[in-house]
Structures are given as C-alpha cells and as structure tokens.
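The values are calculated or read from the model by the stated rules, or taken from the named source; none is laboratory data. Nothing here was measured: the structure is a model prediction, and the numbers come from that model. Note: ideal-geometry Cβ built from the backbone for every residue, glycine included; neighbour counts use all protein chains shown.
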Amino acid sequence: MPRDLDMKSLMITPRGRYRPSNLPKALRAAARAILDEAGPDGVGLRETARCVGVSATAVYRHFTNKQHLLASVAAEGFRELAAAMKTGAAESDRLGGVGLVYFEFALRQRGLFRLMFGPILAVRAKYPELNEAASAVFSLLRRVAVSDDEWPCEDDVTGTAAWGLVMACSTASTPGSADGSVANEMLVQTPALT
C-alpha cells in the first residue's frame, strides 16, 4: 500500500452502518479508490474492508477473493463504458463518437481502464458478470463499426480494426500526457472515425 494513500479519505461510513445489500457497492467504491492510487496490486480484501470500516470477514460474504472483487469492479467499469459508448453512438458520426467516448473514458478512469483490459479480461469466463459486461462493450463497438444493412456480419474485420485503433490510442496516452492530445489528434484525423 503506498504511503501517500490517505485511508481516512476513503472511509465511507463508520463500521456497522451497512446492510448486506449496500456493502458490495461500498467495497467496489473503496477498491476503485485504491485502484486509482495503487493499481490492481494495491487492492486487497483487508485494505478494502478497512477503507469501508467493516471487518475483513464481512468482505468474504460478498467476494470469495481479491480476483472476485476486481472482476466485480471491472464489470462495473464495462457497464459504465457501455453507457458512455451508447451516448457516443447517438452522434451523427456514430463510430467517431464512440471512439472519442472510449478514449475519454480511458483518460478519465486510468486505473479502472487498466484493470478492465488487463489480465482479468483473459479470465473473464470465470466471472459471468464480467463476461457479460465486457461482451456488451465489444458487441456495441462491432455494431457501430458495421452498417445496419451489414449486421450481423460474419467477417468481423471492421469491428476488430475499430477496436484496435481506439484501444491503441487509449493505451498510448501515457500518464504524463493527461490530456492525451497526440492520441486524440490521431482519432480525430482518422477517416474511419470522422
């Protein structure tokens, strides 16, 4: 756990104020805060429980292990990304709108984005909630990349190419270039996305 992580600022409410239905949401929020500061390796069940103000045992009622918690956080991120992408798809240039929204999400939610597209994605089949949320994002991107009269398409080259371009721009933006101006310029000047 990094020394500069202020655990008190992560405390949501005092111990014992949760109903079991609220605790998973609070644990995900605390894990996301830790994730932003310390990355996936910094998130642990004990640290997360401490941030929320519950015992470590309480966490195990909702998450079997750290991977399960991270998969739940990643699924939440994919749902947020899908909602943002739907807004982008409403633009006159659907693919460009979705690409820019995807890119902006990656810049604003760096820790979450890295988790979502990190090693946890490779094992998403173990976590149905994550698998469903990630599949929805990929499906939406494919639908936007292919015209309505071509859908459903058996050849997914267009969808894969669109995802590859947006993903490359999103991951090419280093933490030092918080505005992502170079990658943003690449997206704006790409004929397929304008």
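Yes or no: ALA75 at pLDDT 95 or above, more than 18 Å from PHE113 (Cβ to Cβ) and crowded, with 17+ Cβ neighbours inside 10 Å? Talk me through it step by step, then tell me what you get.
On the way: at pLDDT 95 or above: yes; more than 18 Å from PHE113 (Cβ to Cβ): no; crowded, with 17+ Cβ neighbours inside 10 Å: yes.
Spelling it out, it is not the case that ALA75 is at pLDDT 95 or above, more than 18 Å from PHE113 (Cβ to Cβ) and crowded, with 17+ Cβ neighbours inside 10 Å.
Out of the residues in segment 51-72 that are in a helix (DSSP H, G or I), in contact (Cβ under 8 Å) with a residue 24 or more places away in the chain and of a type outside the set (A, V, I, L, M, F, W, C), state the one that is surrounded by the most Cβ atoms within 10 Å (Cβ to Cβ).
Restricting attention to segment 51-72, the residues satisfying the condition of being in a helix (DSSP H, G or I) are 51-52, 56-59, 66-72.
Among the residues that remain, those that are also in contact (Cβ under 8 Å) with a residue 24 or more places away in the chain are: 51-52, 58-59, 67-72.
From what is left, the residues that are of a type outside the set (A, V, I, L, M, F, W, C) are 67-68, 72.
Details: GLN67: 15, HIS68: 18, SER72: 21.
Among them, the one singled out is SER72.
Considering VAL137, VAL123, the condition of being closer than 24 Å to ASP41 by Cα and of a type in the set (Val, Ile, Thr) is satisfied by VAL123 alone. Screening SER21 against (1) in a loop (DSSP other than H, G, I, E, B); (2) at pLDDT 95 or above leaves a single unmet condition, (2). Looking only at residues of segment 116-145 that are in a helix (DSSP H, G or I) and of a type in the set (Ser, Thr, Tyr), we find that the one that is modelled with the highest pLDDT is SER135. Taken together, the criteria place LEU27 among residues that are in contact with a His (Cβ under 9 Å, 6 or more places away or on another chain) and either among the acidic types (Asp, Glu) or surrounded by 18 or more Cβ atoms within 10 Å (Cβ to Cβ) (or both).
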